[in-house]
Amino acid sequence: MANDGGRKQFWKRSGSKVPGSIQHVYGAQHPPFDPLLHGTLIKPASKPPTTPVKLKKVSTFQEFESNTSDAWDLGDDDDELLAMAAESLNTDVVMETANKVIQNHSKLQEQHKLQEEQLQEDKPVPFSESPSVAYGDNRLVKSVSESQTSSSAECVSENSSMQRSQSLPHAPTDPLEGEVADHDTSATPALTEREAFRLDKFKQLLAGPNTNLDELRKLSWSGIPKPVRPITWKLLSGYLPANVDRREGTLQRKRKEYFAFIEQYYDSRNDENHQDTYRQIHIDIPRMNPEALRLQPKVTEIFERILFIWAIRHPASGYVQGINDLVTPFFVVFVCEYIAEEVENFDVSSLPEEVLQNIEADSYWCMSKLLDGIQDNYTFAQPGIQKKVKMLEELVSRIDEQVHRHLDQHEVKYLQFAFRWMNNLLMREVPLRCTIRLWDTYQSEPEGFSHFHLYVCAAFLVRWRKEILEERDFQELLIFLQNLPTMHWGNEDMSVLLAEAYRLKFAFADAPNHYKK
């Protein structure tokens, strides 16, 4: 009885903290409780029972613990595996056991997912409340009603079900009318957050009654978003005034003036004194890029008129090979104002005649503005290009003497490859998409097509430093420099090139003797 009384007294006292009670001590010598050292995972225990419990005599604390742990779920697979791992702390055994636990957990999760999916398939869901709409290309688009009415808890479950459903095939479903419009207008890739932000800045700047051209140039230096590129190019080239109210009148007047030139001069293309000019234009147009444009008779007709009228109205230079390339970027950008797809895949003749006339007149005037700044490139003997090539040679000798010396040792003259760079403004060296990006910056820079172009050419040459130094033959060097591998270049490549050109300009443009050795 004394023993029984003592045991009862023991259990009553054990419910509260008393001096000497067993508690975990966390510290350097007593690490946190490790479940691997015990056969079970420790779970939050309820308050110990206050009623007496008859227990057989125990000899060790471990036995006492095992006898009083009847609240734990000893039958779980994970616990049994951990108990097995406790028998030996060998690293291989522990890792193997952990992998088994993960595999068992994954199997249970998969079974749970399959059950949920079966329930969702059996349950009919109204179309207006469906979490997503599947198109024929397996692209999922959230419905409008879902985004407006779903709560935060429903969003979590719907997102998880959407992630599961993306791995399963979907039958085509007729989308809502609003979503059809969104799908049609999103033929081009979706804008990134940065692109959308820049587009908003352009729209805000262009929406004012008087466009701040200085701010527009600063914003355009890093590239112009496609939707606002046509109007921005017309403003930066000086074709349109900054005042919004005057723009429509200016467009009507300039377009009418251009077609007056057509009526006045174009019939004279077969005259004896103009035959050579028209013949050369007719030969050069099939050489222009991209090929898809030059094969369209309507485009050929438009380009012939633009180039012939410009040559007749600028007798000091007349038509020179290379000018034909300078029409293409303007034409392509202004066509994109009226179409959603790429120009290379579009039949230009399908546009209304009035639209084609507007594009033709706008291309003529913007090209004329460009050529006004570099006309000495195309006068007799092309002195402007000769001078720029010489300046490029001197600049490269200061920037990268090793490349310059390598070209000189193999007797490669800058005029043999850089003449075309100056004459065509690198249009034959990079894809058309890169030329358009390049011209965004050129129109933002003062004297961009003349002065800044020199530094772009220098950066472009040094960009191929490694490949140039590897070539040890005159012929191979010249072939490489005339056929540079830029087919896969994009906006990022052009941005890097322009940044390097700006760095060179910043370092050398204000140094009077930087061209001299």
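The values are calculated or read from the model by the stated rules, or taken from the named source; none is laboratory data. Just so it is clear, the structure is predicted and the values come from calculations on it, not from any experiment. Glycine gets a Cβ as well: all are built from the backbone with ideal geometry, and neighbour counts include every protein chain shown. Only protein heavy atoms, including side chains, enter the accessible area calculation; ligands, DNA and RNA are left aside. Shrake-Rupley method; radii C 1.70, N 1.55, O 1.52, S 1.80 Å.
So the values come out like this:
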quantity	calculated
Count - residues of the range 209-235 that are farther than 14 Å from LEU199 by Cβ, out of contact with any Phe, Trp or Tyr (no Cβ under 9 Å at 6 or more places or on another chain) and open to solvent by less than 40 Å² (accessible area, probe 1.4 Å)	2
Some residue of the range 486-493 being of a type in the set (Gly, Ala, Ser), outside any helix (DSSP H, G or I) and farther than 30 Å from SER317 by Cβ	yes
Counted residues, the range 448-485 - those being surrounded by fewer than 22 Cβ atoms within 10 Å (Cβ to Cβ), touching a helix residue (DSSP H, G or I) at 6+ places or on another chain (Cβ under 7 Å) and either of a type in the set (Val, Ile, Thr) or at positive phi (or both)	2
Matching residues in the range 317-349 - criterion: being among the aromatic types (Phe, Trp, Tyr), assigned to a loop (DSSP other than H, G, I, E, B) and surrounded by 20 or more Cβ atoms within 10 Å (Cβ to Cβ)	TYR319
Exclusive hit being within 23 Å of MET427 (Cβ to Cβ), without any contact (Cβ under 8 Å) to a residue 40 or more places away in the chain, open to solvent by 10 Å² or more (accessible area, probe 1.4 Å) and charged (D, E, K, R), set ARG279, ARG269	ARG279
Long-range neighbours under 8 Å by Cβ, at least six apart or interchain, first residue in contact (Cβ under 8 Å) with a residue 12 or more places away in the chain and aliphatic (A, V, I, L, M) within the range 368-382, second open to solvent by less than 70 Å² (accessible area, probe 1.4 Å) and not in a helix (DSSP H, G or I)	LEU370/SER237; LEU371/HIS314; LEU371/TYR378
Residue that is farthest from SER222 (Cα to Cα) [pool: residues in the range 402-446 that are buried (at least 18 other Cβ atoms within 10 Å of the Cβ) and polar (S, T, N, Q)]	ASN423
Residue satisfying condition, being open to solvent by 20 Å² or more (accessible area, probe 1.4 Å), farther than 30 Å from TRP464 by Cβ and in a helix (DSSP H, G or I), within set GLU394, GLU304, GLU354, GLU360	GLU354
